[in-house]
Amino acid sequence: MNFQDKKFPEGFLWGGATAANQLEGAYLEGGKGLNTPDVLPGGKVRLKVLKDPGFDFELNLDKYTYPNHEAIDFYHRYKEDIALFAEMGFKAFRLSISWSRIFPNGNESTPNEEGLAFYDRVFDELHKYNIEPVVTISHYELPVHLVKEYGGWRNRELVVFFERYVTAIFNRYKDKVKYWMTFNEINSSLHMPILGLGFAIQKEEDHYQPTFQAYHHQFVASAKAVQLCHEMIPDAQIGCMIVYLPTYSVDSNPENVLYALKEEQLFNYFCGDVQVRGEYPAFINRYWKEHKIELEIQEGDLELIKENTVDYISISYYMSRTEKKDKTPEEVGHGNILGGIKNSFLKASEWGWEIDPIGLQISLNQLYDRYQKPIFVVENGFGAYDKVEEDGSINDEYRIDYLREHIKAMGEAIQDGVELMGYTSWGCIDLVSASTGEMSKRYGYIYVDKHDDGSGTLERKKKKSFFWYQNVIATNGEHL
Ligand code: BG6
């Protein structure tokens, strides 16, 4: 199909996205310490653990499997994988640095040279093919030692350790990395603090106070990273990263509309307002008061946040959310991690994630209207079961359909006036799912022969979507 009218700008950053803990494997090699995803079990039990107040961050090898330990072994196979990305024509590759490869316990005073050298090799390989690395500093992980000894991000000391980590990587990679982002899907911790904030809410504890205090520490740490980036790498850009779900009211009943608006403010805008505008938004004061939240804010914190706002906004977009004030448990969609209700206008993936490409156009318009900053879609994709045919082919038409409609929606948003920097679709190569630890929830253009039980040769195969995306990039989004 020709998509002549919706031109993507020159230099648009087409590519794919991943995260260290979901693809690297080699979980104890090269001097790496244990990080939080290393102790998260695989399979549907992971979702329970993520919400378990008693979770102790211990490995339990007799009871669980840990797919992240080997993942897809990118640690040893990065050359082969990057060559495939180059064959698809990638202009950008989003990856994250694993904090515990650089500081195994998180609180050492000097970095681990073997860990630093690994990412040097990866960045050099990317540059060999003119692929721009886009680096997430913290993607759903932190050293387990910082959880056990310090209680994760609820402890202010993490700001100091994070600053040390960020200084080490900026110093080392200042000539190799020009696109950075701080905390992956920072707003998701409102629902699941284990992944982003590194602690489980204790049984007897109300989750509001520790969550917002930990957020304050992350905002300070993020502002510090922005400041350091601008000082140490003046030609680089650094963004925030938000999981964005446009939130619809189920109907035009003002009660429901107001409820959806409040949810949207809290989930979609709270973190962005702090990181992009440099201030806590007015709406949060009432929320804090009603939930008896009192933040400890040190002298200078608010000035630091105000003076060090991000250069761009990156988002992940998978689905929209539909809300109703008084919903019954039966109305809640089973894949809606945030608890929205089923939207009768939308179909869903096999994991219940509702498919809504127009929602992406809405999201981009909403974000640009609010902030007037460039936007980078750094995650979007379709998790599905893939079948390898007898002849070895993988005909993932459903994935192509999903991606095509979402790319069209981005083209429409560009026509609407939105400044869009790039698109790195999620899991460009099959990797371990973050929410369920499964391999069978596949997103890739490249199939990896690895299964939920840990079996498989790790062989890579090109899916049908590989060739489709290659053509999308070659035509700068004109042939979809
Ligand atoms: C995002 C995360 O939430 O969605 C990724 O940043 C994650 O780490 C992706 O993998 C898809 O989610 P899942 O649970 O299907 O892997």
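The values are calculated or read from the model by the stated rules, or taken from the named source; none is laboratory data. Remember, predicted model here, so these are calculated numbers, not experimental data. Methodologically, a virtual Cβ is constructed for each residue, glycine included, from the backbone with ideal geometry; neighbour enumeration extends over all protein chains shown. Side chains included, ligands, DNA and RNA excluded: accessible areas come from the protein's heavy atoms. Shrake-Rupley method; radii C 1.70, N 1.55, O 1.52, S 1.80 Å.
Summary table
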| item | result |
| --- | --- |
| Partners for Lys176 among lysines (Cα-Cα distance below 30 Å; same-chain residues under 8 apart left out) | Lys7, Lys32, Lys79, Lys91, Lys128, Lys224, Lys306, Lys373, Lys461, Lys462 |
| Aspartates and glutamates whose Cα lies under 18 Å from that of Lys148, excluding same-chain neighbours fewer than 8 positions away | Asp38, Asp52, Asp56, Glu58, Glu108, Glu157, Glu205 |
| Cα centroid separation, region 401-419 to region 169-231 (Å) | 29 |
| Gyration tensor verdict on region 323-394 (Cα atoms; rounded if a/c is under 1.5, prolate if a/b is larger than b/c, oblate otherwise) | oblate |
| For region 145-244: relative contact order, % (alpha-carbon pairs under 8 angstrom, 6 or more apart) | 44 |
| Estimated vicinal HN-Hα couplings, Hz - region 300-317 in sequence order (Karplus 6.51, -1.76, 1.60; Gly, Pro = x) | x, 4, 5, 5, 4, 5, 5, 7, 10, 8, 6, 8, 8, 10, 10, 9, 10, 9 |
| Computed FRET value (nearest 0.05) for Glu29 with Asn130, which takes r as the C-beta separation and R₀ as 22 Å | 0.15 |
| Surface accessible to a 1.4 Å probe, per residue, for the residues of the chain, Å² | 39 |
| For region 3-474: relative contact order, % (alpha-carbon pairs under 8 angstrom, 6 or more apart) | 18 |
| Cα→Cβ-extended label distance, 7 Å offset, between Ala282 and Glu330, nm | 4.2 |
| Protection proxy ranking of 46-59, 304-317 - average other beta-carbon atoms within 10 Å, highest first | 304-317, 46-59 |
| Phi-based couplings in Hz for region 428-440 (Karplus 6.51, -1.76, 1.60; Gly and Pro marked x) | 4, 10, 3, 8, 6, 5, 6, 7, 10, x, 8, 8, 6 |
| Shape box of region 121-222 [Cα atoms, principal axes, largest first, Å] | 53, 23, 21 |
| Inter-label distance for His451 and Asn395, nm, one decimal - labels placed 7 Å from Cα along Cα-to-Cβ | 2.3 |
| At most 15 other Cβ within 10 Å, DSSP loop - trypsin sites (Lys or Arg not before Pro), region 341-429 | Lys347, Lys387 |
| Estimated Rh, the chain: Kirkwood, alpha-carbon pairs, angstrom | 22.6 |
| Label-point separation, Ser252 to Asp52 (7 Å along Cα→Cβ), nm | 4.8 |
| Carbon + sulfur, % of accessible area of the chain - ligands and nucleic acids excluded, 1.4 Å | 49 |
| DSSP H segments from the chain that extend 20 Å or more along their own axis, Cα-based, with Kyte-Doolittle mean of -0.5 or above | 74-88, 157-173, 208-232, 357-371 |
| Whole-Hz ³J(HN,Hα) from phi, Karplus 6.51 cos²θ - 1.76 cosθ + 1.60, for region 139-151, glycine and proline x | 10, 6, 7, 7, x, 4, 4, 6, 7, 6, 8, 10, x |
| Contour excess over end-to-end distance, with Cα ends at Glu80 and Leu295 and 0.36 nm allotted per residue | 72.6 nm |
| FRET efficiency for Val388 and Leu59, using Cβ-Cβ distance with R0 set to 35 Å, rounded to 0.05 | 0.65 |
| Amide H contacts of Phe183 (H built 1.01 Å from N, under 5 Å, at least 5 apart or other chain) | Met241 |
| Cα shape, region 341-457, gyration tensor, a/c 1.5 rule | prolate |
| Cβ-Cβ FRET estimate between Glu87 and His230, R0 fixed at 41 Å, reported to 0.05 | 0.70 |
| Within the chain, helix-based [θ] at 222 nm, where runs of 4 or more DSSP H residues each add -39,500 (n - 2.57), nearest 500 | -11000 deg cm²/dmol |
